[in-house]
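Notes follow the structure.
FYI, it's all coordinate maths here, none of it is from the lab. Worth saying up front: this structure is predicted, and the values here are computed from it rather than measured. Note that each Cβ is placed from the backbone with ideal geometry, even for glycine, and that neighbours are counted across all protein chains shown.
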């Protein structure tokens, strides 16, 4: 299985799903029993009645106060009974993912498969995740990814016991979230006139373009569907609304949110814009962002709300009379302090509403907001500094968690943004920086993979960059360090890819 | 609803789905009851127990020998009971599609939606399809479409009461079906080095290319999944294996199947190739194609097997010594007669195995094979000639069933192959040619839409070209002529597009 459980004791015999298999669960686990039925029924064609008195074999789901907490579960498989017991429903759900993987890979197909005997080896499994934040980030601003693919991706995250979907919804090249109070954010901000092609270049003269408009956005109904679909799979959706930088799409929609901007357009090329991409520091900007965030909080129950904070070209504030006036009136030292003041405002604002702010590690510059959690992307230093200062940290260092980097050094890979993070690099990753002492390390909530989509124009390309590296990441985040063994992982991965194949995931084949 | 039922009598009151609603069915309809439960449960979150004795309201599925045959059904909706009765399971299934459309459009979402009351208006509906062949063709050779999208497309066909999926699996630019005996068909034939971009041109010097390889194929396990998924929705999958022309991908894999070919490559541009795209007329070609078809027959239970037959550049045979020798030894008049002889061989071969050959209307040239069914694409003439000669016919005329043509005359539409078939053109289509007398018209099995994908690089582009035109086509094929009313259709379509929106279908918005 992937990720490998903490402890597996093989037992004699096999358990077989057949037309007589039923599912048993108490009323509080009824929905999970239905969910298990819905995942086992398509490929097998068996009805899996719930709590049926008759039946030759059974799958039991049970809550057990004595069971491992922290989202863990115990799975016992005997010839007549497969039993998942856990402290809480989330543990039961994780056990269901393990159980499903014990059957032949064809169990993941969506119509009855004939000629397969649906057996799983008997065993006792005790399992518990290493980290609480097991995430995957997807940038849908650079290239819009349709809702149906988001749902597919959530299914795959759940299968791999990942539990955070970080949804990067806004950026210079697109605003993807319907906001009722500000309809132009999607009327204008969700569409761009053109899109830069690879290879990446900083020379404007060398940029090549598709010549086609691109865009799309999620309605609030779509978002509610995604959030609920994720919640039913015990995945938290963390929305990201970028501020104060990477905001060109919003400023294209509402130019007076920028710094001395009359008019600008949604970005068409990749890179950081020198002008028109950073919010001003006016009160009206704050009111606007609060208005946006009020709708965001209604849509997303997540405790954590991501506000970006990365790659702000502070020249925009340096060159703006209004920003300089504000800076001086606040008695601030410099533009770093101004950004810190900006982020602190929203840290306080979110905290008052029972939420927590998370941002990229640049939010450390100029002084970290009191309640902020840091997502460490420029290496580990930001994470180390924040954890040492007593802040929570999510690790997302470019090496090796940026899955927009190349997977192999050959000339056959599709154009990527640069860099190189191989499958083995990801598998070897240790999320807790060595520089941290044990007490500080407790601030490392976990880590996540990043899928920036500048050079991933469609879902199947995203899948190619995601899989199987995310299999490795899932194991890093779930399984105990002592189970880590790359050869063993690769052997299991070979079987696991058959599951992904059944699910029509466009994974990168292994180098053989 | 779309397609509109033959007869609808509104009644007082509403039927409401709630947590107490159960589904009732006899054992022979048990699988349909489960399928209904699986489609109603995601959005409502209700459990819909099957044959539960308790419950406040119920959906009943019943076979009724007195009911309308020919895939029809009766649907009676009263405040406590919604009842679907039909002569056969397929009719029950069609009634389920109607019932689902009577609830709010959010019923098509995949996670529980809050704040919606799931009511349907009371009514008596009596319904029966006009044609038995209600089809949609998809070319996956020009651009490969992933299996998961094929499954989505099948769901949409079922929703629109379409029942034939014509899967165009092979062509000059790609071979998409795994054949165990001939592995190179997919190892070589499923991949091409480049792909022509629009706009279409016949001038080789003006062709523009993506510069990227393209390809993909379906494993036999994938095909079995698709065929079974379709069958569970009462859709027949008609595979198309092109012969003797449009065969460049196969000849690239096995050059000795061609006419004096040493080596060729899978096609990269759109159009008809002058050389290397037509099978030879050797015995070894027949044995090869029989080998392919033997595996095809194992995979596809469809009575009809499509063998293409269109656009054969007969110069290949004219210039081949071997072909000319064969022609003379058979005492045939010309190359048309040679093609006719080729097709007749497979007509006989398929008939001996209990199947029926269907081909594009060029199979009329040189004399139609005894058992052949003609798919009339170059206007109606081929269909008329075949029906008058007592052959069955499927209508697929370019105007208006070729959905690769433009939907509107403006400069904002994505590049298409040319031509123009608007939504109203499709809605106004009459599948039975006027030239046919009543007895001859009985040979018109039905009609289908064609999705040739030269200029549709991905699934979302295909959806844009498909919807809502296929909604119009579905109504043409299902509903009685006397219900046809374009204004009424457009009013219903506006609501129907909300359903497609919930399903994340990238339809072309209506011109308002």
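Among DSSP beta bridges whose residues both lie in the protein assembly as shown, state the antiparallel percentage, nearest 5.
Numbers: 45 of 135 bridges.
Once the DSSP bridges in the protein assembly as shown are tallied, antiparallel ones form about 35 percent.
Partner shielding of A:449-459 amounts to 1, given as the average count of beta-carbon atoms from other chains within 10 Å of each residue beta-carbon.
Rounded, prolate or oblate: which fits segment A:109-163, taking a ≥ b ≥ c as square roots of the Cα gyration tensor eigenvalues, rounded meaning a/c under 1.5, else prolate when a/b beats b/c?
Working: a/c = 5.74, a/b = 1.35, b/c = 4.25.
Oblate shape, in that a/c is at least 1.5 and b/c is the bigger or equal ratio.
Given R₀ = 30 Å, FRET efficiency for residue A:378-residue A:201 by Cβ-Cβ distance, to 0.05? The pair residue A:378/residue A:201 has a calculated efficiency of 0.85. With a Förster radius of 35 Å, plug the Cβ-Cβ distance of residue A:114 and residue B:303 into 1/(1 + (r/R0)^6) and report the FRET value to the nearest 0.05. Once the sixth-power term is evaluated, E becomes 0.95. Suppose a student asked you for the relative contact order of segment B:17-74, using Cα pairs under 8 Å spaced at least 6 residues apart; what percent would you report? Relative contact order for segment B:17-74 comes out at 47 percent. With the convex hull of the Cα atoms taken as the outline of segment A:198-237, the averaged projected area works out to 5.1 nm². Between residue B:481 and residue B:51, the modelled label-to-label distance comes to 4.5 nm, taking each label 7 Å out from Cα in the direction of the beta carbon. Shielding by partners for peptide B:216-226, expressed as the average number of C-beta atoms from other protein chains within 10 Å of each residue's C-beta, is 3.
Just subtract the alpha-carbon distance of residue B:353 and residue B:408 from 0.36 nm times their residue separation and send over the number in nm, one decimal. Intermediate results must be reported in sequence, preceding the final value.
Numbers: separation 55, 0.36 × 55 = 19.80 nm, distance 4.51 nm.
The span from residue B:353 to residue B:408 would gain 15.3 nm if fully extended.
Taking the label point 7 Å along Cα→Cβ, residue B:274 and its counterparts in the other copies are spaced 5.3 nm apart, in ascending order. Of A:122, B:136, the sequence from fewest to most neighbouring Cβ atoms within 10 angstrom is A:122, B:136. Its relative contact order, with pairs defined as Cα atoms under 8 Å and 6+ residues apart, puts segment A:7-127 at 36 percent.
For a test of the definition: using alpha carbon positions, the gyration tensor, and the 1.5 limit on a/c, classify the protein assembly as shown as rounded, prolate or oblate.
prolate
Estimated from helical segments only, the mean residue ellipticity of the protein assembly as shown at 222 nm is -9500 deg cm²/dmol, where each DSSP H run of four or more residues counts as -39500 (n - 2.57). Going from the fewest other Cβ atoms within 10 Å to the most, the residues A:329, B:35, B:479, A:26 appear in the order A:329, A:26, B:35, B:479.
This ranking places A:402, B:464 by how few other beta-carbon atoms lie within 10 Å of each, fewest first, which gives B:464, A:402. In this simple spin-label model, placing a label point 7 Å from the Cα along the Cα-to-Cβ direction at both residue B:256 and residue B:126 gives a separation of 6.5 nm.
Note on residue A:388 and residue A:510: the extension gain reaches 40.0 nm, defined as 0.36 nm multiplied by sequence separation minus the Cα-Cα distance.
A crude spin-label estimate for the pair residue B:28 and residue B:428, with each label 7 Å from Cα along the Cβ direction, gives 4.6 nm. Using a 7 Å projection from Cα along Cα-to-Cβ, the label point at residue A:461 is separated from the same position in the remaining copies by 1.3 nm, smallest value first.
Under the rule a/c < 1.5 gives rounded, and otherwise a/b versus b/c splits prolate from oblate, where does chain B land using the Cα gyration tensor? Could the numbers behind the result be given before it?
Values: a/c = 1.94, a/b = 1.79, b/c = 1.08.
Here chain B falls in the prolate category.
Taking the C-alpha atoms only, the angle from helix A:89-102 to the longest principal axis of chain A is near 60 degrees.
Sorted shortest first, the distances from the residue A:331 label point to those of the same residue in the other copies are 11.2 nm; each point sits 7 Å from Cα along Cα-to-Cβ.
When only C-alpha pairs under 8 Å and at least 6 residues apart count, what is the relative contact order of chain B, in percent?
On the way: 1103 pairs, mean separation 72.1, N = 512.
Dividing the mean separation by the residue count of chain B yields 14 percent.
Between the C-alpha center of segment A:357-417 and that of segment A:250-270 there is a gap of 27 Å.
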